[in-house]
1. Once amide H atoms are built 1.01 Å from N in the peptide plane, which residues 5 or more positions from A:N136, or in another chain, come under 5 Å H to H?
2. If I stretch the segment between B:Y142 and B:R118 completely, what's the gain in nm (0.36 nm per residue apart, minus their alpha carbon distance), one decimal?
3. Output the lone cysteines of the protein assembly as shown: those with no second cysteine's C-beta under 4.7 Å from their C-beta.
4. For the full complex of protein chains and a 1.4 angstrom probe, list B:T253, B:T217, B:T145 by accessible area with the highest value first.
5. Counting only other residues whose beta carbon sits under 14 Å from that of B:E33, what net charge do I get with K and R as +1, D and E as -1?
6. What residues of region B:135-164 lose no less than 30 Å² of accessible area with every protein chain in place versus their chain by itself (probe 1.4 Å, heavy atoms only)?
7. Taking the Cα atoms only, what angle lies between the long axis of helix A:56-70 and the longest principal axis of chain A, rounded to 10 degrees?
8. Starting from the Cα of A:Q62, step 7 Å along the direction of its Cβ; do the same at B:R71; then give the gap between the two resulting points in nm.
Amino acid sequence: MSQMPSQEQIWRALQEVMDPEIPVLSLVDLGIIREVKVEGQEVTVVMTPTFSGCPALEAMRQEVEEKLQELGVPRPRVEVVLDPPWSSDQISPEGRRKLEAFGLAPPPVHRGDPEIMLNPVVPCPYCGSRRTRVTNTFGSTLCRAIYYCDACQQAFEQFKPL
Amino acid sequence: MTGQLDAQLQQALADRLLALADDEVILGHRDAEWTGHAPILEEDIAIANLAQDEIGHALIWYQLREDLTGRDPDETVYFRDASAYRNVQMVELPKGDWAFTMLRQYLFDVYERLLLDRLVASTHAPLAEAAAKIRREEIYHYRHTSTWVERLALGTEESHRRMQDGLDRLWPFAAQLFVAGPGDGALAAAGIFPDLSELQQAWEATVRPFLEQAELTIPQAEPLTVGRERHTHWLPILLGEMQVVARVETPETAW
Ligand SMILES: [Zn+2]
């Protein structure tokens, strides 16, 4: 019987597993890790998808398994749940700062209000101006929209509110 | 009721999930045909997103069905012939022009949104959970396609004509979305899946005034009321293209 890592060690290790589409953001920052269970030799990580068509889910699941194996878990389990549905409100404050530094405007906190989701004021991640406008509510991945800043005349992407 | 369903309800639910999934995967495929060909770059990106969303939703429905039947989603999509597909004919029609594509997606998006609004209250918990997940994403679809329908219908003479032509063609097909299958009555009685005639009323109450204020004329054509086992000749052609890679692949193929 090998020594299993503690819950705390696992959470810390998952901070190093990055979203393949946004490499500065860990799965923990993204808020998609729901639970870590350690029961004897059994280790289970419960996660939830961001957008349901997100093709990165399978890659993230594998990376979580590999990370757990590095920690000495022989047969890690990753369980995917849909309930409650993920919302961009669950991105951590730390995650929001990282997004902004990466040049991707963080999503507004909307608490389910469709008006805020569809018509947010999005400050430019480069110059901070609020004189920005959406040019496409769909972007290079399911979770991005495309904006333009009239102040610094830069196009930028936003992590889309969901 | 979140626990075991009896065998009859289980079969009815598996059939309904197949219908939901097949609609989304075929519509997603048709949308994906625009990738690289849409009228402008922004729309190329948008339609690729819509396609990816619909295929993602299809996967959720196929997985729920797998939980009931053990049928693998990939096997279900790539190794079934047209006669075993249960999508409506509306989604298998060729992609047509941009007006046709946006109108088809709009008519489907309204149906899907109203359906999901009801499904979140399903007595079958996994179905309610999946609906809650998908519903949030649909908000972006609906806004996008309704904007395009309105803009083209009220645009130039040509864009209006193309939108009206699209409506004349699609309207009778849309009715098939609401044709009940043999198990649907039992599902509605058990509160698992909404009653399709009520759904149709809600759908008409939304799309009719919207289309009319966009100065489109709703045709008087006979609605399509055949079951989902009936297809046009377009479906086998679509499947031929969609399935070819999976079918020629051998277990040794490395990507
Ligand atoms: Zn700026």
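The values are calculated or read from the model by the stated rules, or taken from the named source; none is laboratory data. Since this is a predicted model, take the numbers as computed values, not measurements. No Cβ is skipped: glycine too gets one built from the backbone with ideal geometry, and neighbour counts run over all protein chains shown. Protein only, heavy atoms only, side chains kept; ligands, DNA and RNA dropped before computing areas. Shrake-Rupley method; radii C 1.70, N 1.55, O 1.52, S 1.80 Å.
1. Distant-sequence amide H within range of A:N136: A:I146.
2. Between B:Y142 and B:R118, full extension yields an extra 7.0 nm.
3. Isolated Cys, the protein assembly as shown: A:C54, A:C143.
4. Sorted descending by solvent-accessible area, the residues read B:T217, B:T253, B:T145.
5. -4
6. B:R136, B:E137, B:I139, B:Y140, B:R143
7. The helix A:56-70 is inclined about 40 degrees to chain A.
8. Going by the 7 Å Cα→Cβ label model, 2.8 nm.
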